[in-house]
Amino acid sequence: MDDGYGEDGKSRDELIARIRELEARLAALRDGADLSSVVEELRVHQIELEAQNEELIEARRALEDARDRYSDLYDFAPVGYMTLDESGAILEINLTGARLLGQDRAQVIGMPLSGWLPNGATAQLFGHLRRVMSEPGRVFDHLPLRTSPARESPIRHVRLESVAFGQYGSGRLCRTALVDLSDRKREEDRLNLIAQVFERSTDAIMITDSLNRIVSVNRAFTAVTGYSADEVLGRNPKLLASGRHDRDFYREMWSAIERHGSWSGEISNRRKNGEIYNEWLTIHAVRNEAGGIENCIAIYAEITDQRAATSRIRFLAHYDPLTLLPNRALLQDRMQQGLAHAAREGTRAAVLFLDLDRFKTINDSLGHLVGDHLLQEVAKRLKASVREDDTVARRGGDEFIVMLPHVDSAEQAAHVAGKIIEAMEQSIPVNGYVLNVSFSIGISVFPDDATDPDTLIRNADIAMYRSKASGRNQFQFFTADMNAHALERLALENDLHRAIERGEFRLVFQPQFDGSGDIVGTEALLRWQHPQRGLVMPAQFIPVAEETGLIVPIGAWVLERACQQTRAWREAGLKKITVSVNISALQFSQKNLLDLIRRLLAVSHIEPGTLELELTESVLMHDHVATSGLMSELKEMGVRMSIDDFGTGYSSLSYLRSFPISKLKIDQSFVRDLGGDGDAGAITGAIIGLAKNLNMRVIAEGVETAQQASFLQGQCCDEFQGHFFSKPVSAEKLAELLRAG
Ligand SMILES: Nc1nc2c(ncn2[C@@H]2O[C@@H]3COP(=O)(O)O[C@H]4[C@@H](O)[C@H](n5cnc6c(=O)[nH]c(N)nc65)O[C@@H]4COP(=O)(O)O[C@H]3[C@H]2O)c(=O)[nH]1
């Protein structure tokens, strides 16, 4: 190594030699020779020597610091290090290693490591050492090690990692790292134990993940359900559902899990072989750090007597044991929630108070058993008459309450009451008797009649008494106005049911003109000639027909009649015109519409191009895939389609382009406002422009004045329909107009 004292400097030995030489020369010159120059040279060398000395001290200090640092790293490493000889004696050890052996370092040096091993492990250590000395590279082993040399001290589990090096006497040395695995081993043992408990439990256990997919099941699960782990992993637990619990049951279960982290109760499940069985289910939620549910642990146990009793008590607190319907307490709860929701949403809710007519007579004359069975059957019919969101509760005796949490209007409540009355019309067979029962129903409406559950029920009860007094088997509203209105509507609904078979419908036809005044088409419009009411216009009955679904058979009748009439005009030698028919959304969603039209066209032998279906924008926006499929098939058949009331709905223009539509019909509200100071002119102009761009024809409906007609003509509108040209007329009258034109 270089002496390191600078490139131009002299080595320390050279300097000392030089000083000696100068001292000699000093002695020789002591008698007056050039003493001063020798002294000066001597001083310079001395300064150099002092500087070198300081550097030396600095270098030593740095070396000592480095040594301390490395020895700290060695001593305080998280791993125990030791140097062993071939016999396993400890020659060196760091502080962590000494601590693992439970002794001071000085006490450990020179001791055999085997002194810390429990019986039986010594051979393991020597085997390890033999392998270290004979094999190249590192050798790994696991050893039990006492925490001190004392025999009774606890054992920890360590991992040895050793490598041979150097020479010591006749043998080699071994450097060994000791890693304490006790914690990990303990954790593994614990997990192993948990896995054993899971597997050996006699209760079936199922674990699901945050997406409610089954991630683990135990042997008992397979034994109870018949499903192997492979068959259920990744699937939703609803594969076990028996179908005996309604949505409310599961909704309440999940809300308890969300709120309290667990739920337990009796549940009916279905085995793989289809058999239904009852179990006691406990579900615990396991949450992640963010508070979300990460896993759910479901434990199914056999139902013990005590559990069954607890479950029964809980059930009885909320349900009527005879009919299994919610009782007063649960009804109160549901009403609170339902009314709060209706208040928030600004909608109505309705309470129907139902009392079985003449139940007491049946009970007294045929016995309680018959009465009970009758009530059970009635409860089933009630549930079947309402939606899942509605609550049917038993108030006691022969009184039931139905709560409808969302109704748009009082009529909707009347409709449900009508359905219930209808459901009771069929006689009920009970224990060999055929019973006929009916309900008297009272209806109160939130918020019109009251805003709290108790008053709503009381008012519905009052209305029920009125209903009973005025002849039973009917309903009454608490409010007189609603009564009149609902009764009228119900009567209309009843009459509408019979209108087709009684032949009360007819069609009128409103001609459609082109720019030169020729009739080019006609719209078929429905009229209802009622024996008592007289002529009923579509605005009065089409909405009722749509709500009750009657629009489907009525719409089919219109199509058939329109096709027959078209045929008749053709046979009479009249010129060909298009006949357009209004199609309701519900009618358009019927699977058999296509077949119906195909059949009608075939039977009446009319060219498909003469039939035009008028659809509203909402029909198009409903289910794009299904709608465009159906429209393409209609187009293939040659049938035309137009959009009625265009401009009032929410058509997406890009959608519009993707449908095979031949005509847009400008809504009459825009036509009516033409000439006013609003936007109607701009809107009709825009619709006409749009139709031209999309290669469609455009017709204006509701044209009532010459100004409207000339404005539209100026905008190049293709066709016109409205009272200015002609009101809707009979088929015969239209034939006359065609002949005249
Ligand atoms: N104020 C005024 N009104 C005019 C004028 N020109 C025609 N109208 C009326 O406007 C309505 C046009 O039919 P819509 O828009 O399809 O509107 C129809 C249609 O949505 C529906 N409708 C009628 N017949 C049927 C049918 O057979 N099936 C279905 N689903 N709906 C129908 O009832 C609606 C009303 O029909 P209608 O009462 O016949 O009323 C007809 C017609 O009489 C006019 O210049 N001024």
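The values are calculated or read from the model by the stated rules, or taken from the named source; none is laboratory data. For clarity, every value in this text was computed on a predicted model and none was experimentally measured. Reconstructed Cβ throughout: ideal geometry from the backbone, glycine too, with neighbour counts over all protein chains shown. Note: accessible area is taken over every heavy atom of the protein model, side chains too, but ligands, DNA and RNA are not part of it. Shrake-Rupley method; radii C 1.70, N 1.55, O 1.52, S 1.80 Å.
Here are some notes:
- Applying the Karplus relation 6.51 cos²θ - 1.76 cosθ + 1.60 with θ = phi - 60° to region 310-320 yields 3J(HN,Hα) values of 4, 4, 5, 4, 4, 4, 5, 5, 10, 10, 7 Hz, where x marks Gly and Pro.
- Per-pair calculated FRET efficiency, R0 = 41 Å: Ser658 and Ser262 via Cβ, rounded to 0.05: 0.20
- Along principal axes, Cα extents of region 475-616, largest first, whole Å: 58, 35, 28
- Assuming charge only on the beta carbon of Lys and Arg (+1) and of Asp and Glu (-1), the dipole of region 399-545 about its Cα centre is about 540 debye to the nearest 20.
- Distances between placed amide hydrogens fall under 5 Å for Val437 paired with Ile428, all partners being 5 or more residues away or on another chain.
- Point-to-point label distance, Arg251-Val39, nm (Cα→Cβ direction, 7 Å offset): 11.5 nm
- Farthest positive-ward along the chain dipole, Cα basis, beta-carbon charges - from Phe76, Ile462, Leu143: Ile462
- Inter-label distance, His530 to Glu50: 12.9 nm, where each label sits 7 Å from its Cα along the C-beta direction.
- Accessible surface of Met253 - all protein chains present, 1.4 Å probe, nearest 10 Å²: 10 Å²
- FRET efficiency for the pair Glu187 and Arg287, taken as 1/(1 + (r/R0)^6) with r the Cβ-Cβ distance and R0 = 22 Å, rounds to 0.55.
- Restricting the calculation to alpha carbons of region 95-149 gives Rg and Dmax of 12.1, 32 angstrom.
- Positive-end extreme of charge dipole, the chain - chosen from Gln707, Phe353, Asn473 (charges on Cβ): Asn473
- With Cα atoms, 0 to 90° folded angle of helix 35-76 axis to the chain main axis: 50 degrees
- For the chain, the solvent-accessible area works out to 53 Å² per residue, with a probe of 1.4 Å and every protein chain left in place.
- Nonpolar atom fraction for the chain, defined as the carbon and sulfur part of the 1.4 Å probe accessible area, stands at 51 percent.
- Divide the volume of the convex hull around the Cα atoms of region 172-240 by the residue count and you get 154 Å³ per residue.
- The largest accessible area among Lys468, Lys238 belongs to the first residue in Lys238, Lys468, and the rest follow in falling order (1.4 Å probe, all chains).
- Rounded to whole Hz, the Karplus (6.51, -1.76, 1.60) HN-Hα couplings of region 12-23, x for glycine and proline: 4, 4, 4, 4, 4, 4, 5, 5, 4, 4, 5, 4
- P(r) weight above 20 Å for region 420-523, C-alpha pairs, percent: 62 percent
- The stretch between Asp203 and Ala384, if pulled fully straight at 0.36 nm per residue, gains 61.5 nm over its current Cα-Cα span.
- Approximate shape of region 329-456 as ellipsoid semi-axes (Cα gyration tensor, √5λ), whole Å, largest first: 29, 14, 11
- Summing Cβ point charges (Lys, Arg +1; Asp, Glu -1) relative to the Cα centre of the chain gives a dipole of roughly 3240 debye.
- Stokes-Einstein translational diffusion, region 94-199 - Kirkwood Rh over all Cα pairs, 0.692 mPa s, 37 °C, in µm²/s: 215 µm²/s
- Straightening the chain between Val625 and Arg312 buys 107.7 nm, computed as 0.36 nm per residue apart minus the Cα-Cα spacing.
- Evaluated over the Cα positions of region 631-741, the convex hull gives a direction-averaged projected area, one quarter of its surface, of 8.2 nm².
- Counting only protein heavy atoms and using a 1.4 Å probe, the accessible area of Ser604 comes to about 10 Å².
- Its Cα gyration tensor gives region 191-313 an equivalent ellipsoid, and the semi-axes of that ellipsoid, as √(5λ) in whole Å with the largest first, are 20, 19, 15.
- Normalised convex hull volume, region 600-688, alpha-carbon set, Å³ per residue: 104 Å³
- Globularity index of region 460-517 is 1.99 (Cα radius of gyration / 2.2 N^0.38 Å, N = number of residues).
- Computed about the Cα centre, the dipole magnitude for region 350-402 is approximately 60 debye when only Lys and Arg (+1) and Asp and Glu (-1) carry charge, each at its Cβ.
- Computed log₁₀ I(q)/I(0) - Debye formula, equal Cα scatterers, no solvent, region 74-122, q 0.14, 0.24 Å⁻¹: -0.31, -0.85
- Using C-alpha pairs below 8 Å separated by at least 6 residues, the relative contact order for region 563-679 is 23 percent.
- Stokes-Einstein diffusion coefficient of region 221-262, Kirkwood radius over Cα pairs, 37 °C, 0.692 mPa s, in µm²/s: 271 µm²/s
- Relative contact order of the chain: 5 percent, from C-alpha pairs under 8 Å at least 6 residues apart in sequence.
- Estimated distance in nm for a label pair at Ser730 and Ser516, the labels positioned 7 Å out from Cα along Cα-to-Cβ: 3.2 nm
- Residue pairs, from the table Lys591/Lys733; Lys576/Lys733; Lys419/Lys468; Lys272/Lys383; Lys635/Lys663; Lys576/Lys635, whose Cα atoms sit over 25 Å apart: Lys591/Lys733; Lys272/Lys383
- Among His318, His260, His415, the order of accessible area from largest down is His260, His318, His415, computed with a 1.4 Å probe on protein heavy atoms.
- Sequence of Lys635, Lys591 when ordered by accessible area, the most exposed leading, probe 1.4 angstrom: Lys591, Lys635
- In this structure Val407 has an accessible area near 10 Å², from a 1.4 Å probe over the protein heavy atoms.
- Highest mean packing comes first when the peptides 554-567, 272-285, 381-394 are listed by Cβ atoms within 10 Å, giving 554-567, 381-394, 272-285.
- Per residue, the chain reaches -15000 deg cm²/dmol at 222 nm when only DSSP H runs of four or more residues are counted, each adding -39500 (n - 2.57).
- 3J(HN,Hα) couplings calculated from phi for region 685-697 with the Karplus curve 6.51 cos²θ - 1.76 cosθ + 1.60 (θ = phi - 60°) are, in sequence order, x, 5, 5, 4, x, 4, 4, 4, 5, 8, 6, 10, 7 Hz; Gly and Pro show x.
- Sorted largest first, extent of the chain alpha carbons per principal axis (Å): 162, 84, 50
- Computed from the C-alpha gyration tensor, the three semi-axes of the ellipsoid equivalent to region 308-403 are 26, 18, 10 Å, from longest to shortest.
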